[in-house]
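In what follows, a single structure is set out as C-alpha cells and then discussed.
Each reported figure results from applying straightforward, stated rules to the coordinates on display, with no laboratory input. As the structure is a computational prediction, the values presented were derived from the model and not from experiment. Cβ: placed from backbone, ideal geometry, glycine included. Neighbour counts: every protein chain shown.
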C-alpha cells in the first residue's frame with residue numbers, strides 16, 4: 001500500500017494550515033450527540049498548534065444538505081471543538097456541502113478553500129474515498145500531507161491486507177450484500193471463516209455469489225412485522241414463516257459465531273447481526289461485539305453501525321482498532337486506492 005507523506009514532514013511554524021477533518025457527527029436538538037469524530041481529529045489539530053502554526057482552518061461536511069440549510073450549520077460542531085481545544089488559532093469553516101461545487105470537485109470551490117492557506121492536511125479518512133473539492137481539489141493547489149488519524153487508519157486497516165495471524169475470521173452483517181460484496185470477495189477468500197448475519201444472510205441463503213463458502217445463522221429471531229414491538233419467536237433459519245422477517249440471529253447462532261470469533265487471532269467485523277437499534281433484536285449484535293472484545297488477537301471494527309454498537313456497549317477500548325471510516329474502510333479493504341489518499345504525494 002502506498003504511504004502518503006506525513007504532516008510530521010511539514011514545516012508548519014508560522015504557516016496558515018487548511019485541515020480537512022471528519023466532523024460529520026450526529027446532532028440532536030442543535031447539539032452534538034456524539035463527539036467521537038471530533039475527539040479523533042484532536043491529535044492532528046493539537047500537533048499543528050504545538051508546532052507553531054499561525055492559523056488552523058478546519059473544514060468538514062456535516063450531513064447531506066441540499067444547499068444552504070440551517071439544520072446542518074457547523075456552529076454546534078465548532079462550539080464543541082472549541083471546548084475540547086480552546087485555541088484562538090483554530091477556527092472551523094462552514095459546512096463544505098453548502099457549496100454546490102464541493103461534491104463535484106469544482107476547481108473554483110477548491111480555490112476558495114485554498115485562498116490564504118500555505119499548506120493542506122487531509123485527516124478525514126471517512127471522506128477519503130470521495131473525490132471532492134475539500135479532499136482532492138485543494139491537494140492539487142497546496143502542498144498536501146496526511147494527518148495523524150489518516151496515517152493511523154491506513155496502517156491499522158492495512159494490516160488486514162498483508163499476512164495475518166490465523167485463524168482469520170471475517171464477520172459481515174447489515175442490510176445489503178452489494179455494499180460489502182467487494183470486501184467479501186477480496187478478504188473472504190483469505191479468511192478461515194466468513195460469518196454472515198443480518199439481512200445479508202437472507203440474501204445469501206438461496207444463492208451464494210461468492211467463490212467460497214460462508215457460515216450463515218442456523219436460527220433467527222423472527223418477527224411478524226418490521227416493528228420494535230412486533231410479535232416474535234425463535235425459528236430455524238431455513239423455515240422462516242411466510243411473511244415473517246428475520247430481525248436478529250438466534251441464540252444457537254450467537255453461540256456458534258461467538259466461539260469462532262473468540263478463537264480467532266485476527267478479526268474484521270463490519271455490519272450488525274440484526275436491527276440492533278431495537279432492544280428485542282439487539283442480542284445477536286451484542287454477542288458478536290462481546291466476542292470481538294474477548295478475542296485474543298488483532299481485532300478491527302469498521303462501519304457506522306458496528307462502531308456505534310461497540311461504543312454503546314463500552315467495548316471500544318478492548319478492540320485493537322475502531323475505524324472512523326465506513327465506506328472508506330470498505331473500499332480500502334477491497335483493494336481500491338482512495339482518491340483523498342492518492343492526491344497526497346508519497347512519503
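Tabulated results
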| read-out | value |
| --- | --- |
| Near-label residues of the stretch 1-16 by backbone N, under 18 Å of a point 7 Å along Cα→Cβ of residue 163 | 1 |
| Between the stretch 110-175 and the stretch 294-347, the alpha-carbon center distance in angstrom | 11 Å |
| DSSP bridge pairs, the chain: antiparallel proportion in percent, nearest 5 | 25 percent |
| Highest-first arrangement of 31-39, 307-315, where packing means the average Cβ count within 10 Å | 307-315, 31-39 |
| Separation of the residue 342 and residue 239 label points, Cα + 7 Å toward Cβ, nm | 5.2 nm |
| (i) 1.01; (ii) 0.98; (iii) 1.10, with the label sought being that of the calculated Rg/Rh (Cα atoms, Kirkwood Rh) | (i) |
| Sorted by Cβ density within 10 Å, fewest first, the residues 60, 253 | 253, 60 |
| Efficiency of FRET from Cβ geometry, residue 11 and residue 83, R₀ 25 Å, rounded to 0.05 | 0.25 |
| Relative packing of peptides 19-26, 107-114 - highest average C-beta neighbours within 10 Å first | 19-26, 107-114 |
| Ordering of 65-74, 43-52 by packing [mean C-beta count within 10 Å, highest first] | 43-52, 65-74 |
| Helix axis angle, 177-188 relative to the chain longest principal axis, alpha carbon, degrees | 90 degrees |
| Fully extended contour minus Cα-Cα distance, from residue 178 to residue 34, at 0.36 nm per residue | 49.0 nm |
| Cα-based helix-to-principal-axis angle, 148-158 vs the chain, degrees rounded to 10 | 30 degrees |
| Between helix 283-294 and the chain: long-axis angle, C-alpha atoms, 0 to 90°, nearest 10 | 70 degrees |
